[in-house]
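Read the structure below first, then the notes.
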Amino acid sequence: MNDLLTNDVFLTVVHFFVTFLFALGFLSVAAMLLVYLERKTQGYAQDRYGPLHYGPAGIYLAIIDPLKLFLKEDVKSGQTDSIMFRLAPAIFFAPVITAFVVLPFSPYLTAGAIGTGIILYVALSSIDVLGIFMAGWGSNNKYSLIGGLRSTAQMISYELPLVLSIVGVVMVTSVLAPGCTSSLSTLSHCGIGSISFSDIVHAQMQPGAPWYWFVLAQPLGLVLYYICGLAETNRSPFDLPEAESELVAGYLTEYSGLRWAMFFLGEYGNMTIVSAVSTALFLGGWSGPGASLGLWQGIIGHTGFAGFAAQVIFNAFAAFWFIFKMGILLLVFLWIRATLPRLRADQLMRFCWLFLIPLTLFNIVITAFLLLLPIGLVAQLVVTGVVNLAMLLFVVFALRRLTGVSATGRLPRWAQQRVVVSATNGANARANAGQQAALSAPADREATPAGRG
Amino acid sequence: MATEATFRPGTFVDEGGLRSEEMILNMGPQHPSTHGVLRLVLTLDGETVINCTPVIGYLHRGMEKIFENRPYMGGIRYIDNADYLSPMLNEIVYAMATEQLMGIEPPRRAQYIRLIVGELERIASHLVAIGTYGLDLGATTPVVWCFRDRELILDMFESLSGHRFTHNYMRVGGVMFDFPKGWIQNCEKWLDVFEKKSLPDLEGLLTGNEIFEARTEGVGYIDPQQAVAYGLTGPLLRASGVNFDVRVARPYGAYREIAVIPQIRQEGDCFARYRVKMDEMRECVRLIRTALDRLPGGSICQRTPIALRPQRGETYASVESARGEESIYMISDGSEYPYRAKLRGPSFTNLQILPELLRGNKIGDVIAILGSIDIVLGDVDR
Amino acid sequence: MDLTPVRGQNSENTPDLIAYDRNHINTLLSELTAIDQLIGANAPKKMLPAGMVSIDIPAERLVEAARLLRDTLGFEMLSCVTGVDMIDHIESLYHFRSLQHNWLLQVRVKLQADNPSVASLVSLYPAANWLEREQYDLMGITYSGHPDLRRILLEDEFQGYPLRKSFRSTPLVRHDPATTQVSAVQALSGEHIRGQERIVTKRFGQGMEERIHPGMPTFGSSAEYLKTGQGVIPTPEEQLPLGPVSPTGVPEATIGDEGKAVERERRADRLPE
């Protein structure tokens, strides 16, 4: 028994299974709870109750709703492309589960062996496109086809700024790498940024924790990543592929029952992933009160039960902080859904190619330049953060009208003709003469009488 | 962005550019945002609309034939269903037509009551229009807020007439019931809340929203000459900079004593139509307040015979409905039944311009433009 | 039968719901003399309630008169097109609005009762497109020169014009008095033809076998149901004829002959026994 507990291979296998089961279970529970939470937040925003009847505050709905989907009839119309139609939900759902494995929930609950976590995550999130396109094509429905094509264009386009917005973080890790300034042994290289999620979290776990969170060094990066995440997950205001009011339900039109539920859970799983990645990259991962490495440094090293218990408690703290931060980001997802309308397809693409990609590239160049300044590590980080924040504010306030038709004024020039037919003669003039004068209309409402020949 | 300023609908399709196979998309009659049973047969080139053919008539109930087979009073209940979002205004036009044939005029108090309930109905109708317009564009919250406020209007109508939706409240020569006790205070309280809280909330959610502006500004432009030639009326016409409002041009009832300030915008796009509706709701609140302040006493209905037999003649009565000029051309042959009653629904005429507006626009704009025209299929098909 | 409406004697004294200016209307009346010159005769004019003026124009001069109204007199909006069945003749009425002068004008055109036809105004007023189609649909007035004269509110196969006074409100064509269904057998074998829906008498449990939606689980497939011969394929004699079906099964395409219609109605009423 003791041999088994010290066998590295066995421990790795156990580690893998624990991580995998945690990821799968977490995904399902998170998706179920998110559906419930979405209804509740929407209800709160819209001055109504949301789910109310089953369980306290309707919480049982989180279970009943997926159960209902599982029990529904799986309708497939006769004209579909059968293989594609059946495979599409699986291809959409599988990468979502897989991507969970690389996420660092806590020091133990992560497949630490994957040193290329970001690459793997980006690759997996691209596979989703395939599933959606297959669903759109295989359904043999025009709404589905348009939805699938929209989604393909959208997700491929937004993949670029999504990756580019992460590069800034990777570059910041390069200056925090051990051997240069830090004494942490987890980062193995000096001067080269890490693309492992655990390494990046560790880099933010420097003593004096919240001040090394990358959201302070890269606030613009977080905002850009989050926007791209909204588009990647087809959430409002980028939910064009399933635009309910235009395309009925987009690529989901022909699906029902369990297959529809897989898309549904996949979408909410994707939201969870985007939030988790933002947490790991920008918000310090699982760092938080009670979960700092220094606090447990002495105890974790022990063997036997004390060490095991310490591990468990430490990991529980870490997972709590990770999920807590993630939950806040998820609530922002839901909040945006309740507030914003939807963009048009061409505005969406214009926003990506003409705004997001140049901005992320610009961010990379600026960050690289600032990190080369010979002013010491802390000064570098402070300068980077300040410049990044200034860019964010500039973006928000100076370029407010990003996608509109008229960039400067509210009234397009071609619409500024003033041709007004006056109907204030005759009967009305007599009836209203006294009162019209008293009620002085604002200037822009006043009609200019112009004769029409 | 500079090139965008010269954008005009209809010139958007690049004839020499990349073209793909055309696709015919059957939007409706079952579709979430065709506002009823409208069917649009769209010819698409990718996402761009090349042609559009509206198909209507799925809700045709033969309303004009029904009028011919009902006594004059019986038609009031049927006309509720024509424009089912503003039944009070429909009833007013029917009652007015009959009164003009009979040569009677309702008492002054009845006319003021008609103005008050008519303007309340206009607010209710505009609330539905704006809320569902937000929903069409993907904003889920405004619709619930709008319906919340509209519910209170319907509650007021219920306490007044007994019905929330198809009121059957107007009578030839006046109205059915007087205001119950406490109704006026309740209405004034509602007006305060609506003007101080609900409208600013709605404005904050939609008017200042960049995405909403991007979706609506410059989309679906109608120039004034085109609008007049197509016979458009209502907010659609006034958003194109044409000053025409039946309440102003040919004031009827209490509008002869309470002047209306027409809400006009120059832009002629979807955003202008939305703004006109918002401004009109403010104007409605002002009109209702004025009418409640000056509300005269007296009877609420002329004494009329039980069987109405107007003298032989014809008339064309118009009111400004929430969607435009709502008119009835009515002929009486001296019997108890109208010989002919032709209902001119504003939605029917307004919908005609849709194919012109859609050509060259994207699928997303189809919904944006259709929602801004604000049709009610009960009024289109009658 | 003369139903030409006449205004009552006391019209001058009754109050009007819409205030209007007499001088304003008199200006319009004097402007309308241009129409008289155009048609070469004194067009009958009439005052209607609410300050509206009605003028009668011969059908053949309608387009010229409308052009004059639009271009010279400033009636830029066509508000409404109405058809009225006056038994001995049919009227097409146009309501024009002048926004700049705030005038409302009714133009009346009298047409023949048997084949009402008048020139279309679509070339002058785009608004006339659907308005005229509606009157073609419901009243049967043919607008010559209309670019797209189809039925608009009723279905294309509809027979007759419902707003005519000769149209009966009771249905002339009597379908079987139950929800008609497509025979599943015909639908599966591709023999289903529109207009041939008929009632299928079902035995217990047959509906489950007939689920023809491909995605639905069926207990016993429909194909086998066909093979076993349990389904009843109607013979040509049993099949109902195409088109409007009368209770006796004999196709009757002629509608409008009043005597026959009454006879058919009488027979239809007697059908249940």
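The values are calculated or read from the model by the stated rules, or taken from the named source; none is laboratory data. A quick note: this is a predicted structure, and the numbers were derived from the prediction, not measured. Cβ sites come from the backbone with ideal geometry, for glycine too, and all protein chains shown count toward neighbours. These accessible areas exclude ligands, DNA and RNA; they are computed on the full protein's heavy atoms, side chains included. Shrake-Rupley method; radii C 1.70, N 1.55, O 1.52, S 1.80 Å.
Points worth noting:
- 20 Å reach of a label modelled at B:Gln30, 7 Å along Cα-to-Cβ, counting backbone N of segment A:58-85: A:72-80
- For segment A:319-350, accessible area lost to neighbouring protein chains reaches 10 Å² or more, against the chain alone with a 1.4 Å probe, at A:Arg337, A:Ala338, A:Thr339, A:Leu340, A:Pro341, A:Arg342, A:Leu343, A:Arg344, A:Ala345, A:Asp346, A:Gln347, A:Arg350.
- Sorting B:314-326, A:127-139 by their mean Cβ neighbour count within 10 Å, with the most densely packed peptide first, gives B:314-326, A:127-139.
- Pair A:Asp65, C:Asn26: separation of 7 Å Cα→Cβ label points (nm): 7.4
- Most to least accessible of B:Trp190, A:Trp211 (protein chains only, probe 1.4 Å): A:Trp211, B:Trp190
- Cross-link pairs beyond the 27 Å C-alpha cut-off, checked among B:Lys342/C:Lys46; B:Lys197/B:Lys362; A:Lys76/A:Lys142; B:Lys181/B:Lys277: B:Lys197/B:Lys362; B:Lys181/B:Lys277
- Inter-chain shielding of C:69-79 (mean C-beta neighbours from other protein chains, 10 Å cut-off): 4
- Modelled FRET efficiency - R0 56 Å, B:Thr53 with B:Lys189, Cβ distances, 0.05 increments: 0.70
- Around A:Val332: net Lys/Arg minus Asp/Glu count, Cβ-Cβ under 13 Å: +2
- Between B:Glu158 and A:Ser126, the FRET efficiency estimated from the beta carbon spacing at R0 = 51 angstrom works out to 0.35.
- Cβ-based charge dipole, chain B, positive-most Cα from B:Tyr221, B:Trp190, B:Val128: B:Trp190
- The mean number of Cβ atoms from other chains found within 10 Å of a Cβ in peptide C:129-136 is 3, as a whole number.
- Distance in nm between pseudo-label sites at A:Asn140 and B:Arg77 (7 Å out along the Cβ direction from Cα): 5.0
- Helices in chain B that qualify as membrane-span-like (whole DSSP H runs, Cα extent of at least 20 Å along the helix axis, mean Kyte-Doolittle hydropathy of -1.0 or higher) are B:87-102, B:108-136, B:141-161, B:270-293.
- Those residues of segment B:136-150 for which accessible area with every protein chain present is at least 20 Å² below the isolated value (1.4 Å probe): B:Asp136, B:Leu137, B:Gly138, B:Ala139, B:Thr140, B:Thr141, B:Val144, B:Trp145, B:Arg148
- Residues in segment B:127-150 that a label on A:Asp47 would reach, taking backbone N under 13 Å of a point 7 Å out along Cα→Cβ: B:127-128, B:131, B:141-150
- Over chain B, Cα pairs under 8 Å with separation of 6+ residues give a relative contact order of 27 percent.
- Between chain B and chain C, the total buried accessible area stands at approximately 4800 Å², from heavy atoms with a 1.4 Å probe.
- A:Val395 - accessible surface, heavy atoms, 1.4 Å probe, Å² rounded to 10: 20
- Within the accessible area of chain B (1.4 Å probe), percent carbon and sulfur: 53
- Legend: residues in segment B:317-334 shielded by at least 50 square angstrom of accessible surface upon adding the remaining protein chains to the isolated chain (1.4 Å probe, heavy atoms) are B:Tyr329.
- Highest-first arrangement of B:257-266, C:127-136, A:360-369, where packing means the average Cβ count within 10 Å: C:127-136, B:257-266, A:360-369
- Among residues other than A:Leu71 with Cβ under 14 Å from its Cβ, the summed charge is 0 (Lys and Arg +1, Asp and Glu -1).
- Karplus-derived 3J(HN,Hα), 6.51/-1.76/1.60, for each residue of segment B:312-320, Hz, glycine and proline x: 4, x, 9, 7, 9, 9, 10, 10, 8
- Chain B - accessible surface per residue (Å², probe 1.4 Å): 28
- Förster radius 56 Å - calculated FRET efficiency between C:Ala59 and B:Arg303 (Cβ-Cβ, nearest 0.05): 0.80
- Contact surface B-A: accessible area buried, both sides summed, square angstrom, 1.4 angstrom probe: 5800
- Averaged over peptide C:45-56, the number of partner chain Cβ atoms lying within 10 Å of each residue's Cβ comes to 3.
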